[in-house]
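Data block below; observations after.
The values are calculated or read from the model by the stated rules, or taken from the named source; none is laboratory data. The structure presented is a predicted model; accordingly, all values stated were derived computationally and were not measured. FYI the Cβ positions are ideal-geometry reconstructions off the backbone, even for glycines, and counts take in every protein chain you see. These accessible areas exclude ligands, DNA and RNA; they are computed on the full protein's heavy atoms, side chains included. Shrake-Rupley method; radii C 1.70, N 1.55, O 1.52, S 1.80 Å.
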Amino acid sequence: RPIDSNNKNAIVAKSRVLKRISKNDSALQKHMQWLKQLQEDRRKVDEKREIEEQQRLKRRNEFMEREAKKRLLKKASKEEIQETFCEVDDNEEISLSSAQPH
């Protein structure tokens, strides 16, 4: 009877469709996993870049502070030296030739 053959054909067609759908799902699933992994990798790279940028700015700020302190100390020592020379000049006359060793 044709009913049995139609039934077998329907089962075969159904199995073909299910295979095709499962293959598409498989490809779609792989693509979705790939996209998810790509987004995760991108997020990690962005976080790493942000951390490196923060570290670079921190090192730069520390360097700027350190150099500013050095400049202040140098300026203060120059002012002290000038004040000392001014006091020496006011109190007594010292010639450079007597200060140099013979």
Accessible area (Å², 1.4 Å probe, nearest 10) - ARG43: 100 Å²
Charge sum, other residues only, whose C-beta stays under 13 Å from ARG59's C-beta, Lys/Arg counted +1 and Asp/Glu -1: -1
Under the Karplus curve 6.51 cos²θ - 1.76 cosθ + 1.60, θ = phi - 60°, whole-Hz ³J(HN,Hα) for the stretch 51-63, x wherever Gly or Pro sits: 5, 4, 5, 5, 5, 5, 5, 5, 4, 5, 5, 5, 4
Given charges at Cβ of Lys, Arg, Asp, Glu: the stretch 27-81 dipole, positive-most of GLN54, LEU73, GLN37: LEU73
Cα-derived Rg to Rh of the stretch 25-85, Kirkwood definition: 1.64
